[in-house]
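Engineer: So that we are looking at the same thing, I have put the structure below in structure tokens.
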Amino acid sequence: MAASGLPSPRWARPGPSIVLIILVGVFLLTVTVWSAQPTQKRPSFFGAQMPKAAAPSHPSRDLTVHVRPLASPPRRLRATSKAPTATRVLAAGMDIDTCDGYWQGAPEMRSVGWILGQEVYASYQDPTETGCVNPYPFTITDVFWAVVVDYDISLALQPVIASNAGTPECPYPGILLCLGEASTIDLPAGAWLVQLPLNMSCSVNETFFACVYLPDVVPSYTADLIFDADTLNPAACRSYTDWGEGWQDLSVAFPNMVLFSMGETTAPVCACRCHGDPQCDGLASVADVVQCVNVAFRGSTPIADSLVQCPYPTTDLNCDGNTTLSDVVLMVNVAFRGGSASANITNPCP
């Protein structure tokens with residue numbers, strides 16, 4: 001008892017209804033704060049494999065944007081990155097053939113206020129249609145992307161290789177095959193062809209898509225795509241973009257986008273040192289004629305070239321797979337009748 005005769009005070013416990021009200025209030029506050037956070041909207045192509053970026057600030061875009069002529073051709077700029085550390089060992093008779101997938105025309109047009117970032121651009125690649133002979137397996141080394149900027153700007157770019165999930169009539173980007181290193185490129189105002197090294201082993205055995213990913217928001221009207229001048233009949237199912245709502249075919253509104261890859265194919269090499277010169281002394285003489293006669297009529301073994309890459313014996317001047325009277329006549333023409341080697345000896349490596 002206290003001195004006043006009153007009992008000591010006790011804190012009143014809240015009733016069940018008050019506790020319930022407090023819990024409901026905390027729950028509603030939590031839901032409100034969580035829902036206010038920006039939702040992650042990234043290109044659907046990559047899923048969880050791509051680095052997270054802030055929610056895109058741009059709405060969905062319709063493909064009705066006009067283009068205008070490019071002021072000047074793009075200059076080449078290579079992204080700074082560490083050099084590949086892997087070494088390549090070639091078998092005898094093999095060599096590296098470098099070729100690219102540039103199927104578009106000359107870069108002449110640009111978009112207007114198109115690039116906004118947090119998007120992917122993709123271009124169909126078929127090495128056989130751009131001059132690569134027997135290209136597969138094809139090792140992709142770089143992705144090239146043409147971009148024009150109206151102000152000095154830094155762009156975060158990442159090279160990507162995707163499969164072809166479409167048909168021969170309409171290729172379509174599929175799954176991610178190779179993801180290169182991201183680079184932040186400082187671009188002065190102007191048109192640029194940016195080279196993005198993959199810096200990884202990326203080999204394909206069929207057609208594919210070369211892609212570039214922009215993970216960050218790009219301020220409006222600072223960077224734009226570069227196209228060729230084919231405004232009337234651009235190639236369908238070749239150039240795509242995905243800003244988070246699936247792939248869009250750029251050909252419905254734009255010419256052909258300048259985006260391509262470069263790679264290497266390991267292919268047999270033809271090389272001859274002594275073809276049409278069995279003595280391999282650099283001279284057409286009676287000794288060479290005798291060698292041809294010995295192989296054609298006396299059963300001598302054909303004389304192989306000193307280079308293993310040469311597909312024909314030195315005495316097979318017309319490259320028909322055999323040494324016969326025809327080869328002897330050609331050798332005589334060069335050795336004794338003043339005939340030129342180019343007119344009488346077939347090139348074994350056309």
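Derivation of every value follows stated rules applied to the coordinates shown; laboratory data play no part. For clarity, every value in this text was computed on a predicted model and none was experimentally measured. Counting neighbours? That spans all protein chains shown, and the Cβs are built from the backbone with ideal geometry, glycine included.
Engineer: From the phi angles alone, apply the Karplus equation (6.51, -1.76, 1.60; θ = phi - 60°) to the range 130-136 and give each ³J(HN,Hα) in whole Hz, x where the residue is Gly or Pro.
Structural biologist: 10, x, 7, 9, 6, x, 9
Engineer: Taking 0.36 nm per intervening residue step and subtracting the Cα-Cα distance, what contour gain separates residue 322 from residue 221 on full extension?
Structural biologist: On the way: separation 101, 0.36 × 101 = 36.36 nm, distance 6.77 nm.
That works out to 29.6 nm of additional length.
Engineer: Pulled fully out, how much extra length does the chain show between residue 271 and residue 236, if you take 0.36 nm times their separation in residues and subtract their Cα-Cα distance? Walk me through the numbers before you get to the answer.
Structural biologist: On the way: separation 35, 0.36 × 35 = 12.60 nm, distance 4.08 nm.
Gain on extension, residue 271 to residue 236, equals 8.5 nm.
Engineer: If you average the alpha carbon positions of the range 132-148 and of the range 169-228, how far apart do those two centres end up, in angstrom?
Structural biologist: 12
Engineer: Taking a spot 7 Å from the Cα of residue 150 along the direction of its beta carbon, which residues of the range 206-223 have an amide N less than 17 Å from it?
Structural biologist: Residues 218-223 qualify, since their backbone N sits under 17 Å from the label point.
Engineer: Taking θ = phi - 60°, what integer Hz values does the Karplus form 6.51 cos²θ - 1.76 cosθ + 1.60 yield along the range 177-183, in sequence order, with x for Gly and Pro?
Structural biologist: After applying 6.51 cos²θ - 1.76 cosθ + 1.60, I find 9, 9, 10, x, 6, 6, 9 Hz.
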